[in-house]
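Below is one structure; the comments refer to it alone.
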Amino acid sequence: MSGAGGPAECSWKRHVVEQLKQRDRVQRQAFEEIIHQYNRLLEKSDLQAVLSERLQTDKFDHQNRHDLSPGVDAGRADALLQEMAQIRIRHQEELTELHKKRGELAQNVIELNNQMQQKDKEIQSNESKMLQYQQRISELEAECRELRSSLQDLERANQTLKDEYDALQITFSALEEKLRRTTEDNQELVSRWMAEKAQEANRLNAENEKDSRRRQAKLQKDLAEAAKEPLPLDPDDDIEVLQEDAAEATGDTSPGRAISRTPSRRISQPPPGGILDSISNIFGRRRSVNSSPDSTEAETHTGVCAEVRLPSTALHTFDAHDGEVNAVCFSPGSRLLATGGMDRRVKLWEVVSGRCQLKGALTGSNAGITSIEFDSAGSYLLAASTDFASRIWTVDDFRLRHTLTGHSGKVLSARFLLDNARIVSGSYDRTLKLWDLRSKVCMKTVFAGSSCNDIVCTEQCVMSGHFDKKVRFWDIRSECIVQELELQGRVTCLDLNHDRTELLTCSRDDLVKIIDLRSNAVRQSFSAQGFKCGADWTRVTFSPDGCYVAAGSADGTLFVWNVLTGKLDRTLDKNHSSAINAVSWSPSGTYVVSVEKGSKAVLWSDI
């Protein structure tokens, strides 16, 4: 800084000296004439003084001569006196003029001195400003040097970042290429894995089929041996006669085929237990209609209610989950309510005095819940999830009992079969799987050809609703499609009435339809002004007696139709703020619950 300040100090000093010299030159030119006149006045004044002395001397000499020579000519003397008087007068006038000019010049000198003082003040002010400017210039030069230094640092940092960016770009390109290769390898591995899974499923299906044929052959042998033994009958006994005998002979496995019972004589000696068990396995387990206490309890357990209450009032509106609620289901006894949401939990609620009280949460799922169902006893709860798995919990202790994995896409629906020992799951991967809960393995895998959105089951038939607008009927024993029924929109939901003779469907063409399973034809269609199916997994429901249908709309309105009249009975539109995803009617017929894409659930009744 000292080295840089030395030349700057010398430069401003030289500048000041040059300014002073310039001022001297300018002011000297302005006052040079005045000074010259002043010098002339001084010279004339000196000349006047000299002349006065000479005149005085001449006067004294003349007087002396006059005194010495009184006879000199008087006329000459008078002429000389007049001449001298005239010279004196002229000199006096010149002197007066010179004094006047002297006064004027003195005044000019005073004014010029004042101007010089003002100029000196201006020069001092300019010099102080110059000093300030010089200091400011020094500060700005220092700032410029700092900015240049910062700029150099930034340029070096920018170059470093540019080099790092180039290196990262090269690394990114390499990683992108590696990702591409890894993706290709992953796709190849997935393809191989799917092929191996298909082969494994085919092998397992073949083994199960072989085992089934062996059991059937053994059963036929046992039946042949049993038929050889005559059995006396009691005329007071009742024996079930199943029309499925003829159906199995002709290949007809319609799920709506009825059961006829004829009176016969009582069997005096029961046949061997193994034969009766085998017959039960062939024709499925059916409830006998008699007056025994066990029969009455079983009928009550199926949930056929004495009276259905048509919902009209929202008893309780509550936040069921943190986020979207996808599924809802009542337990067989109507005491518990289960909800499933995108927060990966299944929550159990106890319905007490028209309000839902949280009883507990079932955890273990790694993704959102899409479907939930209780078993017929209400002891177990089955839930399907978007993490490609289905899970089973015990309701009493909230413990996770089974996790069934094997699908390659999100599981959209899972249902218990009537024996509660097997379940069927449908997935986005376009397959249906039959699971045995005793061995915890997949017994059969069926390729459906389209994403399965919902499933319902009868004793030997599975009905599935698909993305390709079709409802498919599957025979569990032969794992083949019995029949297909195509609707006008993507099927979102299936539900059965209490006697399993009618199938309720909901589709994206905003229609709710009832299919008669005895004729496999659409019997009724329901629609309403403002009703719109809000999602591919919108769930609708029958009332427990099959006389009403409840469905939720995309605008948050709950619609209830009368099946007998085909007309709309209720429109409830004040409690939901988003699309209704699912509706469930309690088996007792007292309550209806609806859940929405928001976090709310609403408990309805006519109380």
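So which residues in segment 346-375 are over 20 Å from residue 591 (Cβ atoms) and either touching a Pro at 6+ places or on another chain (Cβ under 6 Å) or aliphatic (A, V, I, L, M) (or both)?
361, 362, 367, 369
Identify all residues within segment 516-538 that are without any contact (Cβ under 8 Å) to a residue 60 or more places away in the chain and closer than 19 Å to residue 565 by Cβ; write none if there are none.
Matches in segment 516-538: 522, 523, 524, 525, 526, 527, 528, 529, 531.
When you check residue 89 against the structure, is it more than 30 Å from residue 45 (Cα to Cα) and among the aliphatic types (A, V, I, L, M), yes or no? Don't jump to the end; show me each part of the working.
Working: more than 30 Å from residue 45 (Cα to Cα): no; among the aliphatic types (A, V, I, L, M): yes.
Criteria not met by residue 89.
Could you tell me how many of the residues in segment 423-462 are of a type outside the set (Asp, Glu), over 18 Å from residue 392 (Cα atoms) and over 38 Å from the mean Cα position of the chain (by Cα)?
Narrowing segment 423-462 to residues of a type outside the set (Asp, Glu): 423-428, 430-435, 437-453, 455-458, 460-462.
Now drop any that are not over 18 Å from residue 392 (Cα atoms), which leaves 428, 430-431, 444-453, 458, 460-462.
Now drop any that are not over 38 Å from the mean Cα position of the chain (by Cα), which leaves 444, 458, 460-462.
Residues flagged as of a type outside the set (Asp, Glu), over 18 Å from residue 392 (Cα atoms) and over 38 Å from the mean Cα position of the chain (by Cα) within segment 423-462 amount to 5.
Looking at segment 389-406, which of its residues are more than 11 Å from residue 363 (Cα to Cα) and assigned to a loop (DSSP other than H, G, I, E, B)?
First, the residues of segment 389-406 that are more than 11 Å from residue 363 (Cα to Cα): 389-390, 394-397, 401-406.
Of everything in segment 389-406, those that are more than 11 Å from residue 363 (Cα to Cα) and assigned to a loop (DSSP other than H, G, I, E, B) turn out to be 395, 396, 397, 406.
Listed residues 89, 34; which is open to solvent by less than 80 Å² (accessible area, probe 1.4 Å) and either modelled with pLDDT of 80 or more or within 30 Å of residue 127 (Cβ to Cβ) (or both)? Working first, answer last.
Numbers: 89 fails: open to solvent by less than 80 Å² (accessible area, probe 1.4 Å).
Unique residue meeting the criteria: 34.
Contact list please: Cβ distance under 9 Å, first residue in segment 178-190 and under 18 Å from residue 429 (Cβ atoms), second residue open to solvent by less than 100 Å² (accessible area, probe 1.4 Å) and outside any helix (DSSP H, G or I), pairs at least six apart or on different chains.
Going by the 9 Å Cβ cut-off, the qualifying pairs are 190/408.
Assess whether residue 360 counts as being assigned to a loop (DSSP other than H, G, I, E, B) and either out of contact with any Phe, Trp or Tyr (no Cβ under 6 Å at 6 or more places or on another chain) or surrounded by fewer than 23 Cβ atoms within 10 Å (Cβ to Cβ) (or both). If you could, list the steps in order and put the result at the bottom.
Numbers: assigned to a loop (DSSP other than H, G, I, E, B): no; either out of contact with any Phe, Trp or Tyr (no Cβ under 6 Å at 6 or more places or on another chain) or surrounded by fewer than 23 Cβ atoms within 10 Å (Cβ to Cβ) (or both): yes.
Considered against the rule, which asks whether it is assigned to a loop (DSSP other than H, G, I, E, B) and either out of contact with any Phe, Trp or Tyr (no Cβ under 6 Å at 6 or more places or on another chain) or surrounded by fewer than 23 Cβ atoms within 10 Å (Cβ to Cβ) (or both), residue 360 comes out as no.
Go over the candidates 552, 556 one by one and state the one that is open to solvent by less than 40 Å² (accessible area, probe 1.4 Å), under 41 Å from the mean Cα position of the chain (by Cα), at positive phi and modelled with pLDDT of 90 or more.
Numbers: 552 fails: at positive phi.
Result: 556 is the single residue among 552, 556 that is open to solvent by less than 40 Å² (accessible area, probe 1.4 Å), under 41 Å from the mean Cα position of the chain (by Cα), at positive phi and modelled with pLDDT of 90 or more.
Identify the single condition in (1) among the β-branched types (Val, Ile, Thr); (2) open to solvent by 10 Å² or more (accessible area, probe 1.4 Å); (3) closer than 17 Å to residue 386 by Cβ that residue 325 does not satisfy, given that it satisfies every other one.
Going through the list (1) among the β-branched types (Val, Ile, Thr); (2) open to solvent by 10 Å² or more (accessible area, probe 1.4 Å); (3) closer than 17 Å to residue 386 by Cβ, residue 325 breaks only (2).
Considering only residues that are surrounded by fewer than 22 Cβ atoms within 10 Å (Cβ to Cβ) and without any contact (Cβ under 8 Å) to a residue 60 or more places away in the chain, which ones fall in segment 576-607?
Scanning segment 576-607 gives 577, 578, 579.
Looking at 119, 101, 129, which is the one that is of a type in the set (Lys, Arg), open to solvent by 80 Å² or more (accessible area, probe 1.4 Å), modelled with pLDDT of 85 or more and more than 21 Å from residue 10 (Cβ to Cβ)?
Working: 101 fails: modelled with pLDDT of 85 or more; 129 fails: more than 21 Å from residue 10 (Cβ to Cβ).
None of the other options fit; the residue is 119.
On the given criteria, is residue 414 open to solvent by 40 Å² or more (accessible area, probe 1.4 Å) and either modelled with pLDDT of 90 or more or not in a strand (DSSP E or B) (or both)? Quick ask: steps written out before the conclusion?
Details: open to solvent by 40 Å² or more (accessible area, probe 1.4 Å): no; either modelled with pLDDT of 90 or more or not in a strand (DSSP E or B) (or both): yes.
When the stated conditions are applied, residue 414 does not pass them.
The values are calculated or read from the model by the stated rules, or taken from the named source; none is laboratory data. A quick note: this is a predicted structure, and the numbers were derived from the prediction, not measured. So basically every Cβ, Gly included, is an ideal-geometry build from the backbone, and we count neighbours across all protein chains shown. All accessible areas refer to the heavy atoms of the entire protein, side chains included, with ligands and DNA or RNA removed. Shrake-Rupley method; radii C 1.70, N 1.55, O 1.52, S 1.80 Å.
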